[in-house]
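A quick write-up on the structure given underneath.
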Amino acid sequence: MTAMREIERKFKAFADRNRLRILKMLEVRPLCVCEITHVMGIAQSSVSRHLSILRNAGFVQDVKNGQWTIYSLSRGMSEAGDTLLATLGRWGNEDPQIADDREKLRAARREVLCPRR
């Protein structure tokens, strides 16, 4: 992939409010889909799609942990990606939606939201 294509993919991934909300939540801690779904109040399939786009753009990584797939921010992916994530870390913190998401995130626990079967 050319450098311009990589940058284009990253900016397209950034060009969605829900994906930005997810990235801001992942600044707080690694999360599973059910925690993100709970906080955002949107369908699990939508959250999974957003995470797929963010993963393909190199912003998030995932690791399997028992029944859960845990998502976290990728670091050291590329200069462009690291710069964009660092910039996002400084922006948006005063947004009421981001503050509300972070408040809901404090109480969201995967062990309660999606208990083992």
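The values are calculated or read from the model by the stated rules, or taken from the named source; none is laboratory data. The model shown is predicted, which means the values in this text are computed figures rather than measured ones. Positions of Cβ are backbone-derived with ideal geometry, glycine not excepted, and every protein chain shown enters the neighbour counts.
Assorted remarks:
- Considering region 23-33, and only residues there that are part of a helix (DSSP H, G or I) and in contact with a strand residue (DSSP E or B) (Cβ under 8 Å, 6 or more places away or on another chain), the residue that is nearest to Ser46 (Cα to Cα) turns out to be Val33.
- Yes/no for Val39 being touching a Lys or Arg at 6+ places or on another chain (Cβ under 8 Å) and either surrounded by 18 or more Cβ atoms within 10 Å (Cβ to Cβ) or at positive phi (or both): yes
- Residue selection: Arg49 satisfies the criterion of being more than 23 Å from Glu94 (Cβ to Cβ), in a helix (DSSP H, G or I) and modelled with pLDDT of 95 or more.
- If only residues of region 60-116 that are without any contact (Cβ under 8 Å) to a residue 24 or more places away in the chain and of a type in the set (Lys, Arg) are counted, the one that is nearest to Ala13 (Cα to Cα) is Arg75.
- Positions within region 70-117 being charged (D, E, K, R), farther than 30 Å from Thr2 by Cα and part of a helix (DSSP H, G or I), in sequence order: Asp100, Asp101, Arg102, Glu103, Lys104, Arg106, Arg110, Glu111
- On the stretch given as region 54-79, residues that are touching a Phe, Trp or Tyr at 6+ places or on another chain (Cβ under 9 Å) and either basic (Lys, Arg) or surrounded by 15 or more Cβ atoms within 10 Å (Cβ to Cβ) (or both) total 10.
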